[in-house]
Amino acid sequence: MLVIHTADVHIGVENYGRPDPDTRTSSRLKDFLDTLDEVVNYSIERQADIVLFCGDAYKSRNPTQTHQREFATRVSKLSSAGIQVFLLAGNHDSPNISGPATALDIFPTLHVENVHIGDTLKTHLVQTKSGPLQVVALPWIRKGQFMSLVEFPEPGSLSTDKFNDSIEAKLTTAIGALASSLDPKIPAILAGHVSIDSATTSSEKSMMLGKDYVLLKSSIALSEFDYVALGHIHRYQVLNESPRVVYPGSLQRIDFGEENDTKGFCAIELDPKEPRGAREKSYEFVNVGARKFITIKIIILETDLDPMSKIARSIQYHDVSGAIVQVFIEVPVSKYKDIDETRVREMLSSSHYIATVRRNMIAENRNRLGKSLSENIEPIDALNTYFEERKLPIVKRKLLIERGKQLIEETSRDESVS
């Protein structure tokens, strides 16, 4: 039984993209669909039994018609090939309140064959080509769903930490109960979109820590499961070996926080004939062709006679072709005007997108009255350079410089009096 595990497809992310003249969509949409196609084609070529999408199919809980069409096209392709598709609801797929449909509800509404939706905490029995498979769905649980389950002495009296503790305890109990009720003769997988305490985050760190409930690894790494397929954290990582507990990560890099992350999906071979705990026969992380993100940092010294040549050499050291690039140049004030941003951007012309080219002024060693002094730049010099770079009129610049000198002198006098 071949199980394909992916998550956090995030169709609709368009940052660092440019308009595609043919499709009139963002070039980043094509990036995300291309890596999703790698998952789909791999699954069909190897005749997979089931593909698990462990949450966040879309960036938004209200995806556009274009985004829905493109995702549905690929789900339909898998379904038509006789592959079971399990779509778990993630936090980006679910509405903030109970009642409105999730972004995935269109599939059961249209009775799409071989597609299963995991939008509640329950066990699904999926009939695959290689036999039945039990999938315990742990979708993203909105805190509002727990309001009726938690007894509040009075409104607002339960702190965020205690509320999270209550959610974690109830989920742990519920997962344990579902696990204990599984048929030991049938392979079983937990599919969850959740934060686990031992996981390492990348770009989503600020979104997930401090506000979300976080489950202990021990609450999901239960012996009743042959594999635990997770989603929500974008960095690929294996949290446990037996049973194997895995975040496959996102298929594409979302931002520079994921610059060094490996991107891909997981392929797991289970043998239904083996007893519980011995069913995993092979496991592989399959890399995909995610677009590169590259950060280039360059330090210009006072002794550099030709700063632009140094910048060119630094850029040539990196393969920026087709990449999303950001460049940070540390430069002393004396060399600031020697940096031609237009030329720097020309050097990056083979890249897919230039996120930023930033020049940061740094302190410098200055030679004054024949003496070598190491000091910070004088405030007036920095102010003058600032005004020059912004091309202020000379008359206005002189007035501002004079006013700056007065303020500095007044401050010096006040300090000497005190």
Practice item. With runs of 4+ DSSP H residues as the only contributors, calculate the mean residue ellipticity of the chain at 222 nm using -39,500 (n - 2.57) per run, divided by the residue total and rounded to the nearest 500. Key: -9000 deg cm²/dmol
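Please tell me the relative contact order of the chain in percent, rounded to the nearest whole number, where contacts are Cα pairs under 8 Å and at least six residues apart. Don't skip to the answer; put the middle values down first.
Values: 807 pairs, mean separation 53.7, N = 418.
This gives 13 percent for the chain.
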**Study point:** Exposed GluC sites (Glu not before Pro) absent: longest stretch of the chain, with sites in DSSP loops and at most 12 other Cβ within 10 Å deemed exposed
**Key:** 152-418
Review point. Cα to Cα, under 13 Å, and not fewer than 8 places away if on the same chain: which aspartates and glutamates meet these conditions relative to LYS398?
Key: ASP381, GLU388
**Study point:** Close Lys-Lys pairs in the stretch 208-335, where close means Cα under 18 Å and separation is 8 or more or interchain
**Key:** 5
Practice item. For the stretch 260-320, run through the trypsin sites (Lys or Arg not before Pro) and keep only the ones in DSSP coil with at most 13 other Cβ atoms within 10 Å of their Cβ. Key: LYS273
Review point. Which Cα, out of THR35, TYR283, THR66, lies furthest along the positive dipole direction of the chain (beta carbon charges, K/R +1, D/E -1)?
Key: THR66
Review point. Over the chain, what lengths in whole Å, largest first, do the semi-axes of the equivalent ellipsoid take, defined as the square roots of 5 times the eigenvalues of the alpha-carbon gyration tensor?
Key: 53, 27, 20
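Over the Cα atoms of the stretch 164-323, Rg to Rh with Kirkwood Rh, two decimal places?
Values: Rg = 21.5 Å, Rh = 18.6 Å.
The Rg/Rh ratio comes out at 1.16.
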Check your understanding: Put +1 on the Cβ of every Lys and Arg and -1 on every Asp and Glu Cβ in the chain; which of CYS54, LEU2, THR102 then has its Cα farthest towards the positive end of the dipole?
Key -> THR102
Review point. How far is the Cα center of the stretch 238-291 from the Cα center of the stretch 6-26, in Å?
Key: 24 Å
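Within the stretch 25-119, which trypsin sites (Lys or Arg not before Pro) sit in a loop by DSSP and count at most 15 neighbouring Cβ atoms inside 10 Å?
On the way: sites: ARG28, LYS30, ARG46, LYS59, ARG61, ARG69, ARG74, LYS77; in loops: ARG46, LYS59, ARG61.
Here the sparse-neighbourhood loop sites are ARG46.
How big is D, in µm² s⁻¹, for the stretch 27-96 by Stokes-Einstein at 10 °C and 1.306 mPa s if Rh is the Kirkwood radius over C-alpha pairs? Kindly include the intermediate steps, with their values, before the conclusion.
On the way: Rh = 12.7 Å.
Rounded, D is 125 µm²/s.
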Exercise for review: Using a/c under 1.5 as the rounded threshold, could you call the stretch 1-143 rounded, prolate or oblate? The axes a ≥ b ≥ c are square roots of the C-alpha gyration tensor eigenvalues, and prolate needs a/b larger than b/c, oblate otherwise.
Suggested key: oblate
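Only the coordinates and a few stated rules stand behind these numbers; no lab work does. All values derive from a computational prediction rather than experimental measurement. Neighbour counts are summed over all protein chains in view; Cβ atoms, including those assigned to glycine, are modelled from backbone coordinates with ideal geometry.
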